[in-house]
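First up is the structure itself, then whatever we jot down about it.
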Amino acid sequence: MHRACEHCFVWGSPRQRGVFGLEQIEQVLEQAKEAGVEWVYFEGGEPFIYYNVLIKGVQRAKEMGFAVGIVSNAYWAASVAEAVEHLRPFEGRLSDLTVSSDLYHADQELSEESQNAIVAAKWLDIPTGMISIAKLGDDAPQTHGQIKDQGAVMYRGRAAVTLALHADGHSWSEFTRCPHEDLREPGRAHLDPFGNLHICQGIVIGNIFEKPLKDICDDYHVEAHPICGPLLDGGPAALISEYNLPHESKVADACHLCYEARLALRARFPELLKPDQMYGLNGSET
């Protein structure tokens, strides 16, 4: 099943625009190799929607020497047998299959599809992991980097609209650091189908179709970035203070404050805070 989950911080949806083609994937992998990248993940939304392209992309990444991972909600694993058939082309090629399952995706924390996918992956000797986001009110840790096991909701993207009003409020001034990303020495980045390189989803540091990935990384200086600089110095609260932005007195978490600040700054920094659909403005959701 293709979903538009209410906790999604990138506004994932079947209606989202932008898809990687094979030529783009080849270009991305070549640039990643030159830049010294070791791991490549195919994520979404849901990458299995474009199954044939996913197969060829994973094959090519493995041929080029990358460790390769996929993140999926396992909608395709209606049974163990079907899951095996879907995963067989990735046998010997994947270093990680991370399955997302929680009460935002299904009516049970570990969906039947997710269980089928994990069993099938083990049969094929594919390493597995889990992503699970706790429901509001449940005790769960804040996460750093790639989420593993259970983590708390991050109130950005769709979650800032659908869930933040139901969360406990905290004074905006207490959020003086970014709890999720290493802004000075990022160990990972996110790439969208338009070529935008995100240090955090919605915060862009360059476009690889306009400038090589290695050069973007070499030229990135956090202090000079109008969004990342204040975030490093004083977290989302510094964005509010630096640009004298209107704000609510209470917010759900650091991501909520940061997301609201970035929404207010998009007109001023359109090349740094994009694309539109990362902010729910793809023509189908607002």
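The values are calculated or read from the model by the stated rules, or taken from the named source; none is laboratory data. Remember, predicted model here, so these are calculated numbers, not experimental data. Positions of Cβ are generated from backbone atoms using ideal geometry, with glycine treated the same way; all protein chains shown enter the neighbour counts.
Here are some notes:
- Those residues of the range 202-219 which are in contact with a strand residue (DSSP E or B) (Cβ under 8 Å, 6 or more places away or on another chain) and crowded, with 19+ Cβ neighbours inside 10 Å, in sequence order: Val204, Ile205, Gly206, Ile208, Leu213, Ile216
- Taken across the range 258-265, residues that are out of contact with any Asp or Glu (no Cβ under 6 Å at 6 or more places or on another chain), basic (Lys, Arg) and surrounded by fewer than 18 Cβ atoms within 10 Å (Cβ to Cβ) do not occur at all.
- Single residue of the range 110-159 satisfying the filter (basic (Lys, Arg) and farther than 26 Å from Arg262 by Cα) that is modelled with the lowest pLDDT: Lys148
- Residue match in the range 236-255 (condition: touching a residue at least 12 places away in the same chain (Cβ under 8 Å), crowded, with 19+ Cβ neighbours inside 10 Å and within 16 Å of the chain's Cα centre (by Cα)): yes
- Residue pairs whose Cβ atoms lie under 9 Å apart, separated by 6 or more positions or on different chains, with the first residue in the range 264-285 and over 16 Å from Leu231 (Cβ atoms) and the second among the hydroxyl-bearing types (Ser, Thr, Tyr) and at pLDDT below 85, are Gln277/Ser13; Gln277/Ser284; Gly280/Thr286; Asn282/Ser13; Ser284/Ser13; Glu285/Ser13.
- Residue match in the range 92-101 (condition: under 18 Å from the mean Cα position of the chain (by Cα), modelled with pLDDT of 95 or more, surrounded by 20 or more Cβ atoms within 10 Å (Cβ to Cβ) and in a strand (DSSP E or B)): yes
- Among the residues of the range 168-177, those identified as closer than 29 Å to Ile205 by Cβ and either crowded, with 19+ Cβ neighbours inside 10 Å or in contact with a Lys or Arg (Cβ under 6 Å, 6 or more places away or on another chain) (or both) are Trp172, Phe175.
- Residues of the range 227-252 that turn out to be assigned to a loop (DSSP other than H, G, I, E, B) and either at positive phi or touching a Lys or Arg at 6+ places or on another chain (Cβ under 8 Å) (or both), as a count: 3
- Among the residues making up the range 46-73, those that are polar (S, T, N, Q) and over 16 Å from Ala117 (Cβ atoms) are Asn52, Gln59.
- Qualifying residues in the range 1-38 (those that are charged (D, E, K, R) and part of a loop (DSSP other than H, G, I, E, B)) - the one modelled with the highest pLDDT: Glu38
- Check on Glu223, farther than 26 Å from Gln16 by Cβ, surrounded by fewer than 20 Cβ atoms within 10 Å (Cβ to Cβ), charged (D, E, K, R) and modelled with pLDDT of 95 or more: yes
- Candidates Val10, Val19 - the one that is within 30 Å of His256 (Cβ to Cβ), within 17 Å of the chain's Cα centre (by Cα) and loosely packed, with under 13 Cβ neighbours inside 10 Å: Val19
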